[in-house]
1. Name the residues in segment 168-203 that are open to solvent by 50 Å² or more (accessible area, probe 1.4 Å) and in a helix (DSSP H, G or I), would you?
2. Only one residue in Thr177, Thr128 is at negative phi, under 20 Å from the mean Cα position of the chain (by Cα) and either of a type in the set (S, T, N, Q) or at pLDDT below 95 (or both), so which one is that?
3. So, Glu111, is that one surrounded by fewer than 17 Cβ atoms within 10 Å (Cβ to Cβ) and either among the hydrophobic types (A, V, I, L, M, F, W, C) or closer than 15 Å to Thr70 by Cβ (or both) or not?
4. Could you list, ordered by first residue, the pairs with Cβ atoms under 7 Å in which the first is in segment 1-25 and over 19 Å from Trp199 (Cβ atoms) and of a type in the set (Gly, Ala, Ser) and the second is open to solvent by 50 Å² or more (accessible area, probe 1.4 Å) and modelled with pLDDT under 70, at least 6 apart or interchain?
5. Would a scan of segment 155-167 turn up a residue that is open to solvent by 10 Å² or more (accessible area, probe 1.4 Å), in contact with a Ser or Thr (Cβ under 9 Å, 6 or more places away or on another chain), farther than 30 Å from Leu44 by Cα and assigned to a helix (DSSP H, G or I)?
6. Checking the conditions here, which among Val93, Val79, Val16, Val66 is among the aliphatic types (A, V, I, L, M) and surrounded by fewer than 17 Cβ atoms within 10 Å (Cβ to Cβ)?
7. Any idea which of Leu28, Leu44 is within 23 Å of Leu200 (Cβ to Cβ), among the aliphatic types (A, V, I, L, M) and out of contact with any strand residue (DSSP E or B) (no Cβ under 9 Å at 6 or more places or on another chain)?
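The values are calculated or read from the model by the stated rules, or taken from the named source; none is laboratory data. Remember, predicted model here, so these are calculated numbers, not experimental data. Because the Cβ atoms are built from the backbone with ideal geometry, glycine has one as well, and the counts that use them run over all protein chains shown. The area values use the complete protein model at the heavy-atom level, side chains included, leaving out ligands, DNA and RNA. Shrake-Rupley method; radii C 1.70, N 1.55, O 1.52, S 1.80 Å.
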Amino acid sequence: VAPGRPATRPGLGALVAVLLSFAAAAGLYASFVGSGPALADGALLQDSLEIRSGGLTGLAVVVTNVGNTTSMAVLAVAVGAWCWYAGRRADAVLAIGAMAGGAALFRTLKEVLDRPRPPAALRLVEATNESLPSGHATMSIVVIGTVVVLAWARRAATTRAALVSVAVVWVGAVGATRIYLGVHWFSDVVAGWLVGAAWLALCVALWSWWRTRHPEPALVE
């Protein structure tokens, strides 16, 4: 392991990836057949209709646009470019590869599952493709999670706690806007989070395994 970098645990990462993959499969199945989280879909959509207001809608649109799949792709490419410039080639591949793979994964799942979105009359923004899983939820957890992983080394416990807290709040907010804006069911968002977490865990496990065999310089401050 390179000086200043924590020891990697690819075996633990692989176990987490497997467990999250089972959770993601269960989440997708539940959403598709209407069980589990999907039982709350109608009620939560109705709740979102009842709390809508001009100010809240404006905020939701901003958050959902900043957290959309294009914005997440741009962020991942920017992080990857910075890592490559800093000589952290494996980190650059993680940033861009996790994003690209996550995008391909959720788009494939959408086409295969072909779940309809909530009724068009209830939507506050345009959405044309399939509903399950939420691409916003998937990509936000993949890209923001990758940023947290790459920023983790050599950070104080308080900084790490802040990173995780901000990431959780942001990913949660992006997912919530998709329900509020009427373009996703609650279970779509939950499935997106699980799919994104499983894919991120797999990518991090592979990245961790690679770094144990090909150490690179410590994070450039």
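1. Val168, Val169, Trp170, Ala176, Phe186, Trp193, Trp199, Leu202
2. Numbers: Thr128 fails: under 20 Å from the mean Cα position of the chain (by Cα).
On inspection, the qualifying residue turns out to be Thr177.
3. For Glu111, the condition - surrounded by fewer than 17 Cβ atoms within 10 Å (Cβ to Cβ) and either among the hydrophobic types (A, V, I, L, M, F, W, C) or closer than 15 Å to Thr70 by Cβ (or both) - is not met.
4. The qualifying pairs are Ala2/Pro215; Ala2/Pro217; Ala7/Val1.
5. no
6. Val66
7. Within the list Leu28, Leu44, the selection yields Leu28.
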